[in-house]
Amino acid sequence: MRRLHRFAGMEAELHQALAAFNHRRFEPALPDRDPDWRAALSEDQRMLARELELVENERVRWRDRAAAVPREPEPFVRWFEGLAVDGPGQGDPLFPWLAERATLDQLRWFLRQEVAGEAGFEDLVALTQIKMPDRAKLELARNYWDELGRGKAGGMHGPMLGRLSQALRLDDIDVPIVAESLALGNLLVAMAANRRYAYHAIGALGVIELTAPGRATLVNQGLRRLGVRAGTRQYFALHATLDVRHSLAWNEEVVAPLVAERPDVAPAIAEGALMRLEAGRRCFERYRRDLLREPA
């Protein structure tokens, strides 16, 4: 039996520190928050170095597999779509268990971890689209507009998740946020916020759209089985269907044209997708250890 990944103490500390750094650097502020801007800049540079080291360490294990991907648009998209079947973490038994057997308290624990690691998909898309070619930029804009409820506050995905959290009183759950959940959010932010990883971010965000619908369907089934009303579980019900369309458009309008224009970006897109799926796999295994008391 393969030994499950465990975060060491130093890794856990890193992800706690990076999560706090990300909250601080993207939160709107005024100049007087850091009157000594030179000292603040020095600390930011230290954290950015740790962030880049994180990404480079994650890249190492996938470099060879990513280097072997096709460099033509259609074969590459077929490879990319195949990750929904053979990518890291796909078909994890956690989700059928959530759908069929988990108690409400167990589902609340799971959702508490997921919400804590949520990096804000719309903001990641906004960061990723900077200076992208027109065709890709337009599809990223359409995706962003959907995330924002097409201009209607009630349809915004972020607040929709917030309403779920409030209705299920997730903030009242006094449990530590596991490092694997923080690591997932940190990795996504690192790729989207650093232009050296812009194509990695394309792969990471695209593979979320590709693989999320199946998991969202099962989480929604679990919530419905436990009597959670439709309005509360709207976030998962919506993503069970909307992301299917998003994925098709992402692959056709973003991934394929980028690879057609620059075949050399295919390995970077592949690395980003594989890194995101691996981070998810580690989350699922950690959740099963804690929820199902599986041995390490």
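Taking each residue of segment 191-206 that is on the phi > 0 side of the Ramachandran plot and looking for partners that are at pLDDT below 95 with beta-carbon atoms closer than 8 Å, six or more apart or interchain, yields nothing. Residues in segment 68-91 that are without any contact (Cβ under 8 Å) to a residue 40 or more places away in the chain and within 22 Å of the chain's Cα centre (by Cα): 78, 82, 85, 86, 91.
Remark: pairs (first residue in segment 166-190, more than 22 Å from residue 208 (Cβ to Cβ) and in contact (Cβ under 8 Å) with a residue 12 or more places away in the chain; second residue of a type in the set (Phe, Trp, Tyr) and not in a loop (DSSP other than H, G, I, E, B); Cβ separation under 7 Å; 6+ apart in sequence or on different chains) = 173/109; 175/109. Before we move on, is residue 85 β-branched (Val, Ile, Thr), in a helix (DSSP H, G or I) and in contact with a helix residue (DSSP H, G or I) (Cβ under 7 Å, 6 or more places away or on another chain)? Spelling it out, it is not the case that residue 85 is β-branched (Val, Ile, Thr), in a helix (DSSP H, G or I) and in contact with a helix residue (DSSP H, G or I) (Cβ under 7 Å, 6 or more places away or on another chain). Within segment 120-132, does at least one residue satisfy the condition of being under 18 Å from residue 213 (Cβ atoms) and among the polar types (S, T, N, Q)? Taking every residue of segment 120-132 in turn, none turns out to be under 18 Å from residue 213 (Cβ atoms) and among the polar types (S, T, N, Q). None of 54, 98, 41, 111 is over 18 Å from residue 190 (Cα atoms), part of a helix (DSSP H, G or I) and out of contact with any Phe, Trp or Tyr (no Cβ under 9 Å at 6 or more places or on another chain) except 111.
Mind checking which helices (runs of 4 or more DSSP H) fall wholly inside segment 210-296 and carry at least 2 residues that are acidic (Asp, Glu) and either at pLDDT 95 or above or buried (at least 22 other Cβ atoms within 10 Å of the Cβ) (or both)? So that I can check it myself, show each step before the final result.
Numbers: elements: 234-250, 256-261, 266-292.
Ranges flagged: 266-292.
Answer yes or no as to whether residue 153 is free of Cβ contacts under 8 Å to residues at least 12 places away in the same chain and more than 27 Å from residue 221 (Cβ to Cβ). For residue 153, the condition - free of Cβ contacts under 8 Å to residues at least 12 places away in the same chain and more than 27 Å from residue 221 (Cβ to Cβ) - is met. Of the candidates 44, 32, 36, 64, the single residue that is surrounded by 10 or more Cβ atoms within 10 Å (Cβ to Cβ) and charged (D, E, K, R) is 44. Would you confirm whether any residue within segment 114-129 is over 18 Å from the mean Cα position of the chain (by Cα) and at pLDDT 95 or above? No, the conditions are met nowhere in segment 114-129.
The values are calculated or read from the model by the stated rules, or taken from the named source; none is laboratory data. Keep in mind that this is a model prediction, so the values were computed, not measured. All Cβ positions, glycine included, derive from the backbone under ideal geometry; neighbour counts span all protein chains shown.
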